[in-house]
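First comes the structure, then the notes that go with it.
The values are calculated or read from the model by the stated rules, or taken from the named source; none is laboratory data. Since the structure is predicted, the reported quantities are computational estimates derived from the model, not experimental observations. A quick note on method: Cβ atoms are made from the backbone with ideal geometry, for glycine too, and the neighbour counts reach across all protein chains shown. For the accessible areas, the whole protein counts, side chains as well, though only heavy atoms, and no ligand, DNA or RNA atoms are used. Shrake-Rupley method; radii C 1.70, N 1.55, O 1.52, S 1.80 Å.
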Amino acid sequence: MSFDPESFERGALHETALVLDFAEVPILLVRGKSPGKTLVVTAAVHGDEYEGVRALLEVAREVDPAAMSGDLIAVPVANPPAFWNGTRNSPLDGANLARTFPGDPAGTPSQRLAWELGHRVIARADFYADLHSGGVKWRMPSMAGYDASDPRSEAGALAFGAEIVWGHPDIAPGRTVSFAKSRGIPFLYTEARGAGRIAADDLAMMKRGVINLLRRLAILPGEPERLPLRMRLHGEGNIERGINAPRRGFLIPEVDLLDRVEQGQLLGRLVDTHGRTLDEFRAPCAGVVGLRREFPPVEEGEPLFLIAEVLDVAGFDTMAP
Ligand SMILES: [Zn+2]
């Protein structure tokens, strides 16, 4: 089960894995010709989020180890049981891996997976990026999220090059990124449109973002590619604390992703299979729609909408600080 990058030769791509008794977690280890920092990037921590998977499969094979000083540790499918099941959570224990860290080496499969990923892989990072997206049932903005209390995390998110960044005042426990934070490792995570697809511009954003982080860490030469920032969001990003379905029903949304809304504005309705309105959902505050449910049948407790605050972007330098 051990994984020691130092045991692999420099200047080459290595195809290796974390081997657990219920899953083999693929690792693409790109060791630079010279020593330097380590970037760790994971994807498919939620098994139904595919943009990051493809980005890592491609980037790890496209970068030139001979031009690198330091290492890229790419984990394209961090949660194989959920990935092969096409679901956000693991079919082995029903757990959300992104709420399971730091895990437990003697626990359930997801707890063991979290422990191995955290201690053997994420702990090696000088910077950590976790590539998420809206998954099969939701759409989210194509963005980089960061820890608003850590300037290194913010700088990394800005260097990533997404058009939208989202700063969070608190990081919920149990996540990959909260594990990184507990180790003093700066991080970012991404979202993208999801809905079970890979949009070409989302794939390009994620690939460019990984290259930009390699440049920022001086693992690759050159500067991150500057892009204009379109929107800067702030506030809670935990979709389980957004507006959730109080019961089973069919969702009729009245707003689109990234629409600006006023407090109290109608976001959507839940109807039964006779079309009778069961619930109306209104914006709890002014802001933009940061998450929208796309898959119309919903079960009790499932997230429907999340409203984010908007910070002014005028005159904002995308490379600061
Ligand atoms: Zn996710």
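Does the range 76-225 come out rounded, prolate or oblate by the C-alpha gyration tensor, with a ≥ b ≥ c the root eigenvalues, rounded set by a/c under 1.5 and, if not, prolate when a/b is larger than b/c and oblate if not?
It comes out oblate by the Cα gyration axes.
Taking the highest mean first, how do the peptides 80-89, 139-148 order by number of other beta carbon atoms within 10 angstrom per residue? Numbers along the way, then the final one.
Working: 80-89: 18.7, 139-148: 25.2.
The packing order, highest mean first, is 139-148, 80-89.
Can you give the accessible area per residue of the range 145-247, in Å², using a 1.4 Å probe? Don't skip to the end; give the middle numbers.
On the way: 4050 Å² over 103 residues.
Spelled out: the 1.4 Å probe surface of the range 145-247, per residue, equals 39 Å².
I want to check a number: in the chain, how many lysine pairs have alpha carbons closer than 27 Å, given a sequence separation of 8 or more or different chains?
Working: Lys33/Lys207; Lys37/Lys181; Lys37/Lys207; Lys137/Lys207; Lys181/Lys207.
Here the count comes out as 5.
Counting only protein heavy atoms and using a 1.4 Å probe, what share of the accessible area of the chain belongs to carbon plus sulfur, as a whole percent?
Values: 6460 of 13170 Å².
C and S atoms contribute 49 percent here.
Taking the 0 to 90 degree range and rounding to the nearest ten, how far is the long axis of helix 200-216 tilted relative to the main principal axis of the chain, both from C-alpha atoms?
40 degrees
How far, in degrees from 0 to 90, does helix 151-160 lean away from the longest principal axis of the Cα atoms of the chain, to the nearest 10?
In the chain, helix 151-160 runs at an angle near 90 degrees to the longest axis.
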